[in-house]
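Some notes on the structure that comes next.
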Amino acid sequence: MRQPVVGTIIIGVLVTIQGLWALALALDSSIFRRSEPIHLLIASLLGFAIILLVAAVWPRSKTPEPISFTPVTVDQARLGIATEREMIADLRWIDSPDAVVVPLTTTESATIIVNPDYVVLRTSAPLLNPECGMSRWGADGNRTVYVGSGVTDPSQALLTVDLTARSVTLRSHALPTP
C-alpha cells in the first residue's frame, strides 16, 4: 500500500483543524469563549506538529528484494528454487560434463544469467527478453523451448533451465578471468 504524500497529510490536517474550529464556533462552544485566539493557534500548531511527527516515523511498506539463486554445486542446481518473489538466478557457474536440469519456479519475474553455449530454456512465460542470443527452437507441450549457441536439438544441452515465471529476462555476462 502506498503512503500518502506529506503535502496531502498537511492539507488534510489543516482542513480538519479548520473544520473542527468552525464547528465549535458555530455551536458556540464555551471553550472558545474562554480562550484567546493565540492559544487556539498554538494548540493547533502543536497538534499539527505531533501529527506530522507520527506520519514521519510511521513504518512504510518495503518492496521485497529479489531472491538470488547462485548454485555452486551441481546438486544445488538440480534442486532448483521455488519462490513467490522476483528471482535472479546466476547459472554461469554450473560446469558439469553431464546434462543438468535446473527447475526454477516463481510467480513474479525471473532474470536468468547464463553462458549461452549448450543451454536450453523451457518456459511458458509470456514475456521473454533474450539478451544473450538464444533463439526459439519450438514447443514442448505448452512450453516454448529456446536454445543457445552450439545446440541444434534440446537433447544436446549441457544445461537445461525449466522455468515457470510471469516474465523472463535472459542475460549473459562474461566470466571473470582467473
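Scan (1) modelled with pLDDT of 75 or more; (2) surrounded by 13 or more Cβ atoms within 10 Å (Cβ to Cβ); (3) β-branched (Val, Ile, Thr); (4) over 30 Å from Asn115 (Cα atoms) for the single condition Val54 breaks and write down its number.
(2)
Scan Gly138, Gly148 and give me the residue that is touching a helix residue (DSSP H, G or I) at 6+ places or on another chain (Cβ under 9 Å), at pLDDT below 90, open to solvent by less than 60 Å² (accessible area, probe 1.4 Å) and not hydroxyl-bearing (Ser, Thr, Tyr). I'd like the intermediate steps shown before the answer.
Details: Gly148 fails: touching a helix residue (DSSP H, G or I) at 6+ places or on another chain (Cβ under 9 Å).
Matching residue, one of Gly138, Gly148: Gly138.
Name the single residue that is nearest to Thr83 (Cα to Cα) among those in segment 151-171 being surrounded by 17 or more Cβ atoms within 10 Å (Cβ to Cβ) and touching a Leu at 6+ places or on another chain (Cβ under 6 Å).
This residue is Leu163.
Quickly run through segment 100-130 and pick out the residues that are more than 17 Å from Ala165 (Cα to Cα) and touching a strand residue (DSSP E or B) at 6+ places or on another chain (Cβ under 7 Å).
Residues of segment 100-130 that are more than 17 Å from Ala165 (Cα to Cα), as a first pass: 100, 115-119.
Of everything in segment 100-130, those that are more than 17 Å from Ala165 (Cα to Cα) and touching a strand residue (DSSP E or B) at 6+ places or on another chain (Cβ under 7 Å) turn out to be Val100, Tyr118, Val119.
Just to be sure before I move on: is Thr106 surrounded by 13 or more Cβ atoms within 10 Å (Cβ to Cβ) and of a type in the set (Ser, Thr, Tyr) in the structure I sent? Write out each step before concluding.
Values: surrounded by 13 or more Cβ atoms within 10 Å (Cβ to Cβ): yes; of a type in the set (Ser, Thr, Tyr): yes.
In short, yes.
I'd like to know if segment 121-132 contains one or more residues that are free of Cβ contacts under 8 Å to residues at least 24 places away in the same chain and not hydrophobic (A, V, I, L, M, F, W, C).
Step one: of segment 121-132, the residues free of Cβ contacts under 8 Å to residues at least 24 places away in the same chain are none.
Checking segment 121-132: not a single residue is free of Cβ contacts under 8 Å to residues at least 24 places away in the same chain and not hydrophobic (A, V, I, L, M, F, W, C).
Just wondering, is there one or more residues in segment 59-71 that are open to solvent by 80 Å² or more (accessible area, probe 1.4 Å), modelled with pLDDT of 90 or more, within 18 Å of the chain's Cα centre (by Cα) and not aliphatic (A, V, I, L, M)?
Yes, because at least one residue in segment 59-71 is open to solvent by 80 Å² or more (accessible area, probe 1.4 Å), modelled with pLDDT of 90 or more, within 18 Å of the chain's Cα centre (by Cα) and not aliphatic (A, V, I, L, M).
Among Ala174, Ala99, which is open to solvent by 50 Å² or more (accessible area, probe 1.4 Å), closer than 25 Å to Thr73 by Cβ and modelled with pLDDT under 85?
Ala174
Please verify whether segment 104-111 includes one or more residues that are among the hydrophobic types (A, V, I, L, M, F, W, C), under 25 Å from Ser149 (Cβ atoms) and at pLDDT 90 or above. If you could, list the steps in order and put the result at the bottom.
First pass over segment 104-111, keeping only residues among the hydrophobic types (A, V, I, L, M, F, W, C): 104, 110.
Narrowing further to those that are under 25 Å from Ser149 (Cβ atoms): 104, 110.
Still in the list and also at pLDDT 90 or above: 104, 110.
Yes; the residues of segment 104-111 include at least one that is among the hydrophobic types (A, V, I, L, M, F, W, C), under 25 Å from Ser149 (Cβ atoms) and at pLDDT 90 or above.
Filtering segment 151-171 down to residues that are in a loop (DSSP other than H, G, I, E, B) and of a type in the set (A, V, I, L, M), which residue is modelled with the highest pLDDT?
From segment 151-171, those in a loop (DSSP other than H, G, I, E, B) are 151-153, 157-158, 165-166; that's our starting set.
Those left that are additionally of a type in the set (A, V, I, L, M): 151, 157-158, 165.
Values: Val151: 84, Ala157: 88, Leu158: 88, Ala165: 91.
So, considering only residues that are in a loop (DSSP other than H, G, I, E, B) and of a type in the set (A, V, I, L, M), the one modelled with the highest pLDDT is Ala165.
The values are calculated or read from the model by the stated rules, or taken from the named source; none is laboratory data. Because the structure is a prediction, the values reported are computed rather than measured. Using ideal geometry, Cβ is built from the backbone for each residue, glycine included, and neighbour counts are taken over all protein chains shown. Accessible surface is based on the protein model in full, side chains and every heavy atom, while ligands, DNA and RNA are left aside. Shrake-Rupley method; radii C 1.70, N 1.55, O 1.52, S 1.80 Å.
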